[in-house]
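These notes concern the structure reproduced below.
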Amino acid sequence: MVLLSAHFARFAPPEMAPAQQAAWRSAPSAEEVERRNTVGINLETVTDVTSTDYPGHHPGEDLAFTIDRFRSGFSVRFHQNDANLASFSLVGLDASLANAFRRILIAEIPTLAIENVYIENNTSVIQDEVLAHRLGLIPFNGGRDGLQNFLKWHKKPEPGEDPYAGCFDWNTVRLELNVTCTVNRDAAPDETDPTKAYHNAHVYARDIVFVPTGKQVEYFSGDDAIRPVNPDILIAKMRPRQTINLSMHMHKGIGADHAKFSPVATASYRLMPTIKILKPILGADADKFARCFPEGVIGLEPVTKKEAAQRGSGYEGHAGENKAVVRDAMKDTVSRECLRHAEFEGKVKLGRRRDHFIFSIESSGQWDSDELFLESVKHLKLKCKKLEQQVINMAR
């Protein structure tokens, strides 16, 4: 122990006077914080991709995590909040937490989907296994109380066990699809459109019928009935005397088991782009500069007389001429097109803010998009509580 203490003592900071200690604990300037917090986007390289805001990296700075510091730097800003699509910014968050939310959204929030298909008759050109796969990927919706509270998990039967043995109204939803294609006697003899020449030439998701069982009538009736999110999803194309006759069982599941259970069509995030115009970009160059970015990112404004009168501003003698200004950096796709042109060299600096995550969540229908994110927060909190208990047990 004495040898170890002597060894590590060499690395301990020397004792300092109170003034030195105050300097040791001093916070960096706003410019320095912004520099550290920006990922550099260069012509052929990306720099400063690693976070440095952890204890011991910057000598003399106390970067230990505290709840108060996190609260003061964290914020949520919504850009769009519709039932099926939400876009918002999480500011002041580490990439590990942002990615944890994304992975939970994709793989761990339960939904209801078709799990078993019992085909009695299928004379269409689609093979049984392909038809079952297409049916499984159709997203369904229904009463929220029934989907989230009444329906419970279903236990898969053992090999050789009756698949119906463990099916009850509280864990299984039954659907049916019975469609036969017939000739439309009222169609013109030379009709070439199959949807007019035949009945049920196209089989859609709207043709699936929900068959309530037991208490399901109380939770899934009227507008709350189990139904496809999009009734116009095409399942199969048939011709006269072809038929599809089958029943389906729906169970709860998570995206980690199969993508059909994922509650989101997409759940992604990107870092907030930053664009700094270092030197004036004027006239024709400003027009060209604006075309290097998506519409709305760069705007054109006339140089004011006050700006033109300032020495060293770069606007001298250009009053009334258009200059390039940053309007909305969030719309930028960081294509780096402007860095390809020699006339902009040294005039613009691109980057991305490391702790500003722009989330986009597109719900598949069973959850509202903003509900999904709150649910992912609940899941992460539960994981943290479990981990905390495991660490406590391990320490004992």
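Summary of values
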item	result
The range 287-376 - accessible surface per residue (Å², probe 1.4 Å)	52
Reach of Lys237 by Cα under 17 Å, taken over lysines that are not fewer than 8 positions away in the same chain	Lys196
FRET efficiency, Glu129 to Asp190 (Cβ-Cβ, R0 41 Å, nearest 0.05)	0.65
The range 304-371 - percent of accessible surface contributed by carbon and sulfur, probe 1.4 Å	44
For the range 37-138, accessible area per residue (1.4 Å probe, heavy atoms of protein chains only), Å²	57
The range 170-296: C-alpha gyration tensor shape, a/c 1.5 cut-off, then a/b vs b/c	oblate
Violating pairs (Cα-Cα greater than 26 angstrom) within the set Lys155/Lys383; Lys215/Lys383; Lys215/Lys385; Lys260/Lys386	Lys215/Lys383; Lys215/Lys385; Lys260/Lys386
Shape call, the chain: gyration tensor on alpha carbons, a/c limit 1.5	oblate
Per residue, in Å², the accessible surface of the range 178-275 once ligands and nucleic acids are set aside, probe 1.4 Å	53
Whole-Hz ³J(HN,Hα) from phi, Karplus 6.51 cos²θ - 1.76 cosθ + 1.60, for the range 305-316, glycine and proline x	5, 5, 5, 5, 7, 7, 6, x, 7, x, 9, 4
Prolate/oblate/rounded call for the range 325-366, Cα gyration tensor, a/c under 1.5 rounded	prolate
Heavy-atom accessible surface of the range 161-236: percent carbon and sulfur, 1.4 Å	49
Distance between modelled label sites at Asp232 and His57, nm, 7 Å Cα→Cβ extension	4.9
Zone of Thr304's modelled label, taken as backbone nitrogen in the range 242-286 under 20 Å from a point 7 Å along Cα→Cβ	277-283
Modelled FRET efficiency - R0 51 Å, Glu316 with Gln80, Cβ distances, 0.05 increments	0.75
The range 162-177 - phi-based ³J(HN,Hα) in whole Hz, Karplus 6.51/-1.76/1.60, Gly and Pro as x	4, x, 8, 4, x, 9, 9, 5, 8, 9, 9, 10, 9, 10, 9, 9
Förster-model FRET efficiency, 35 Å R0, Asp48 and Lys385, C-beta, rounded to 0.05	0.50
From phi via Karplus (6.51, -1.76, 1.60), per-residue ³J(HN,Hα) for the range 201-213 in Hz, x at Gly/Pro	5, 10, 9, 10, 4, 5, 7, 6, 10, 7, 10, x, 10
Mean Cβ count within 10 Å, highest first, over the residues of peptides 249-261, 76-88, 327-339, 305-317	249-261, 327-339, 76-88, 305-317
Long-range amide H partners of Ser363 with built H, under 5 Å	Leu85, Ala86, Ala265, Ser369
Accessible area (Å², 1.4 Å probe, nearest 10) - Glu158	110
Among Ser376, Ser29, Ser75, residue whose mean-square fluctuation peaks in a GNM of the chain (springs only between Cα atoms under 10 Å)	Ser29
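The values are calculated or read from the model by the stated rules, or taken from the named source; none is laboratory data. Predicted model, so just to flag it, every value in this text is computed and none were measured. All Cβ positions, even for glycine, are placed from backbone atoms using ideal geometry, and neighbour counts span all protein chains on display. The protein model used for the area step is the full one, side chains on, heavy atoms only, and it has no ligands, DNA or RNA in it. Shrake-Rupley method; radii C 1.70, N 1.55, O 1.52, S 1.80 Å.
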